[in-house]
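See below for the structure under consideration.
The values are calculated or read from the model by the stated rules, or taken from the named source; none is laboratory data. This one's a predicted model, so the numbers in the text were calculated from it and none came from an experiment. Cβ placement follows ideal geometry from the backbone for every residue including glycine, while neighbour counts extend to all protein chains displayed. For accessibility, only protein heavy atoms count, side chains too; no ligands or nucleic acids. Shrake-Rupley method; radii C 1.70, N 1.55, O 1.52, S 1.80 Å.
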Amino acid sequence: MSDKILIVDDEVEIADLIETYLKSEDYTVYKFYSAKEALACIETTELDLAVLDVMMPEIDGLSLCRRIRASHTYPIIMLTARDGEMDKITGLTLGADDYITKPFLPLELVARIKSQLRRYKKYNPAHVDGEEKGKEILSYLGLELHVGTYQCTLNGKPLVLTPTEFAILRILLENKGRVVSAEELFHRIWQDEYYSKSNNTIPVHVRHLRTKLNDTLNKPKYIKTVWGVGYKIEES
C-alpha cells in the first residue's frame, strides 16, 4: 500500500509539479490549492505526510500546521519563501518536522519526503514489529520513553511528541551522560549528509521539547545545552 501524501499550495504550478514527481514514485497524492479545501481530507483520511506552503490566503500554512498537530503526528514539511526565516522558526515551533525554501529542486523535496517517511515508520507504533515492541523503556527523572509503542510520559502523564521530537529525545536518552552535537542529531534523524551550522532545525525542535517537558534553558532538568558543543541528558 503506497504512502498517502497531502500537498497544499495555492501556486498551481508548484502543487502540480510536486504531484507529478510524487506520483512517479508511486505515492498516493491528495492535492489542494487552499488550506480550506484540505481540511476535510485531513479529518477523514489517514495520511502519512503533509507538504504545506506557508503563504496562502484565508488559512495560511502555519495555521494549518497547528490544526494538524492538534490530533495527528505524521511528518509535516513546510514550503517557505527564501527570506522567510521567521516562518521557518514558527513552523518548527508549531510542530513541523522540516522545511524547504522556494525555489527548490523537486528531487530534493522528494528526498526530504522519503527521509521523513523512513523515520516516521521507524518510530510510529503502527509500523513497528513484535521484536521492536519488546524493547526497553528509556527513563530519566520521571520521564519515560516507550521505544516500541511510540509513547512518552512525564510523571505518569502522557506527552504528545512529533516523530522528530521523539527521535531527538530517544537519541539523547540512549546517550545519557554524553554530549550529542546538533550535527550528529541532524545526520542520525534525517540521514542527510549535508549540514550547515546556520541550520536552526535542531535548536528549534529542542526548544519545543523543553516547553513540553516544562524545562528551562537556564536551569534545565532534562535537556542541557553545552554551549558550542551540543545537548545532553545527564546520567541518572
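Which of these, Leu109, Leu17, Leu52, has the largest mean-square fluctuation under a Gaussian network model of the chain (Cα springs below 10 Å)?
Of Leu109, Leu17, Leu52, the most mobile in the Gaussian network model is Leu17.
With a 10 Å radius around each residue's Cβ, average the other Cβ atoms per peptide and rank 210-222, 142-154, highest first.
The packing order, highest mean first, is 142-154, 210-222.
Take Ser24 and Ala111, extend 7 Å from each Cα along the Cα→Cβ direction, and tell me the distance between the two endpoints in nm.
So the label points at Ser24 and Ala111 sit 1.5 nm apart.
Could you please report the charge total around Leu92, scoring K, R as +1 and D, E as -1 over all other residues with beta-carbon less than 9 angstrom from its beta-carbon?
The answer is 0.
Please report, as a whole percent, how much of the solvent-accessible surface of the chain comes from carbon and sulfur atoms (probe radius 1.4 Å).
C and S atoms contribute 52 percent here.
Return one quarter of the surface area of the convex hull spanned by the alpha-carbon atoms of the chain, equal to its mean projected area, in nm².
Computing the convex hull of the Cα atoms and averaging its projections yields 13.1 nm².
Loop only by DSSP, 10 or fewer other Cβ within 10 Å of the Cβ. Give me the trypsin sites (Lys or Arg not before Pro) in the range 10-90 that pass, ordered by residue number.
In loop regions of the range 10-90 (DSSP not H, G, I, E or B), the sparsely surrounded trypsin sites (Lys or Arg not before Pro) are Arg82.
Pulled fully out, how much extra length does the chain show between Asn218 and Arg178, if you take 0.36 nm times their separation in residues and subtract their Cα-Cα distance?
Residue separation times 0.36 nm, minus the Cα-Cα distance, leaves 12.5 nm.
Cα-Cα over 27 Å: which of Lys102/Lys219; Lys121/Lys232; Lys102/Lys212; Lys121/Lys157; Lys23/Lys212?
From Lys102/Lys219; Lys121/Lys232; Lys102/Lys212; Lys121/Lys157; Lys23/Lys212, over 27 Å: Lys102/Lys219; Lys102/Lys212; Lys23/Lys212.
Counting only heavy atoms of the protein chains, get the accessible area per residue of the chain (1.4 Å probe) and round it to a whole Å² value.
Each residue of the chain exposes 49 Å² on average to a 1.4 Å probe.
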